[in-house]
Every structure is written in C-alpha cells, then in structure tokens.
C-alpha cells in the first residue's frame, strides 16, 4: 500500500518531534520543514535519524513561513496528503517584544500555506491542520473553554493565532479546503523549550539540587493552566485529519493547576521540602532543611497583560475523535524529571 505523505512545518519543535515519530509509526513518509540557521537545532529529531527502520521515511527540508515562494515550492515538491502547521513564534512574553515578527509568522504564515493550497488547486487532495492555542481565549471569564467560547486574547501571540484560526475557517468555507483548527491547551514534555515555565521549573530545581544554580526566578505564581502531555496531543492532531469532514476541536485535560502548584509537585519529587513565605511579588519558597530561598518572584517575568485562568473542555474531541489524554500531570512531571537527570542541560 502506498504510504501517506505528511509535510510538517515547525518539525524541530516539541510537537513536530512527537508528531514525526507518531506518523512514522503509522507508516507515513514525513517531510519536515525547518528554517535555515547557522545553529544546528535538530536535537529533538536526531533520534529519528539513528533509527534505521525510520530514517529513510523522514526527510528534512529548508523553508520559511515568511516566504510564499518557499511554501509553494515545498508543497509542489513533496505532494503531501496532509500538512501540519506547527511553526510559530510561540513564546507569549517574547511576542510582546517582537509583535510584528510574531504576526508575520503566526498569522500570515498560515495564510501563505492556505493560499498555496488554493492557488495550486490542491484543495481536494490536501488536508490541513492549523495549530491553535488556549491563549486565544486569554482573559475569558468562562469556567471551561470549548469551541464556542469567545476569544479574548491578551498578547500579540494570542491575537496572531486568532487570525490564523479565522483565516483557516475562512478558507475552509470559501474554497472547500479540508482545514482543521486544533485549539490546544498547554502541553509539555521532556523536550519542551527551556524558556517555558514547566521546563524552567524542573531544570532550575534540579540544578539547585546539584549545586549548579542558586535560585529559580518565576513570574505570576497564581496563573492557572490546563497542562497535558505533547505526545497525547499530537495524536489528536492526526485524528482531526482522519475525519470525513473538517472541523475545529479544543484539546485539553479539563484540569487546572497554578504555577505554584506545579512547582510544589516538582520540588517534592526532586527531594525538596519547601514552605512559602511573603506575599505578592515578595513571595518566596524556602528550603525547610537549610532555610535557603529556592524560588523568588521577579517583575520582569510578568506579562504586560496576565492570563489568569485557562481550562479546556474537550468533550467534542472525546465524542467525535474518540480522544482523551492518557497522561496525568504527575506522569508528566516524573517523565520531565527523569529526562533532565539523564540529560543535564
């Protein structure tokens, strides 16, 4: 049987690495797209090249979402059955510092892919997945967020992803493209970027334990997030493109924890007994064993506009996609700690 072909934009990121592995096990041929850079940043997918049984079905190509001709060339060259757009400037706080670049990649990058599908007359041959985010809900007051919850983004990142979401809907309706939006809540893993708060907490506490770092600095301890595992979420992406009709789906665990709660769980598993003292910006975590401060808050890690609460309702995905998360937050933290201990940064 002829292999399906997938084209993944953003293949070197966390989700790209997990999705590549998942699709290769499904007997796909995978073309992964990365930006040309003087720095080698393929460490998340290097294991695929070491796997003799998979590497012939995995090809790495160069491309850029800011370049329409590059996108069209890649689609014509690879002739994919499925395109997954996972590429983005995905750091929320950084999006306040580089808003124009964030919009160009996240918003117009999505438009460029959709327009290439339309202009190449491939709307009946290609299925398209757009990676959305819970940050599109932003400052919503809803207790749970689902596909009908109104967007209220609170960052250039969130705003740019709203454009990407609606342009995907627009091209689906206007040109009959099989295009799906996955509105994914926070999903982490051992290969999460080091600047994201979950990896930062795990990494920082282990470094402190080993004597390689004195303190861990965090921002808003009381932001609540719905955290899942990336390997569960890439399965949901794939399931969306296997349906008869394209649609949009919220993917989340339905459980929410504060950053402080995540830090508490991680600290306990790493071997610390901590207590919290102070209030507001002066709140600190102290090691009970020696009374040393382990965690402090710093103003520079707060966003200009904070998103305090996100919690996903994935009932639609559970009903139609037959999808549900397999990993708990404790499974996730255990796996992240194990990886960090084996691969110290």
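Values as computed for the structure displayed
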| item | result |
| --- | --- |
| Percent antiparallel among DSSP beta bridges (both partners in the stretch 197-345, rounded to 5) | 70 percent |
| Footprinting exposure proxy for 301, 18 (fewest neighbouring C-beta atoms within 10 Å first) | 301, 18 |
| Gain upon complete extension [residue 298, residue 79; 0.36 nm per residue less C-alpha separation] | 74.0 nm |
| Rounded to 5, percent antiparallel among DSSP beta bridges of the chain | 20 percent |
| Fluctuation leader among 197, 30, 105 - the chain, Gaussian network, Cα springs under 10 angstrom | 197 |
| Approximate spin-label separation residue 289-residue 334, in nm, with each point projected 7 Å along Cα-to-Cβ | 2.2 nm |
| Estimated inter-spin distance, residue 318 and residue 222, nm [label 7 Å along Cα→Cβ] | 3.0 nm |
| Rounded to 10°, Cα long-axis angle of helix 14-25 versus longest principal axis of the chain | 50 degrees |
| Structure-based [θ]222 nm, the chain - -39500 (n - 2.57) summed over DSSP H runs of at least 4, per residue, nearest 500 | -10500 deg cm²/dmol |
| Antiparallel DSSP beta bridges within the stretch 1-121, percent to nearest 5 | 0 percent |
| C-alpha long axis of helix 230-240 to longest principal axis of the chain, angle in ° | 30 degrees |
| Euclidean distance of C-alpha centroids, the stretch 69-87 and the stretch 172-201, integer Å | 19 Å |
| Crossing angle, helix 109-119 versus the chain [Cα axis fit, 0-90 degrees, rounded to tens] | 10 degrees |
| Cα gyration tensor, the stretch 124-197 - rounded (a/c under 1.5), prolate or oblate | oblate |
| Computed E for residue 41/residue 212 - FRET, C-beta separation, R0 25 angstrom, nearest 0.05 | 0.60 |
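Here, each number is a calculation from the coordinates, and none is a lab measurement. Small disclaimer: the values here were computed from a predicted structure and weren't measured. Heads up, the Cβs are rebuilt from the backbone with ideal geometry, glycines too, and the neighbour counts pull from every protein chain shown.
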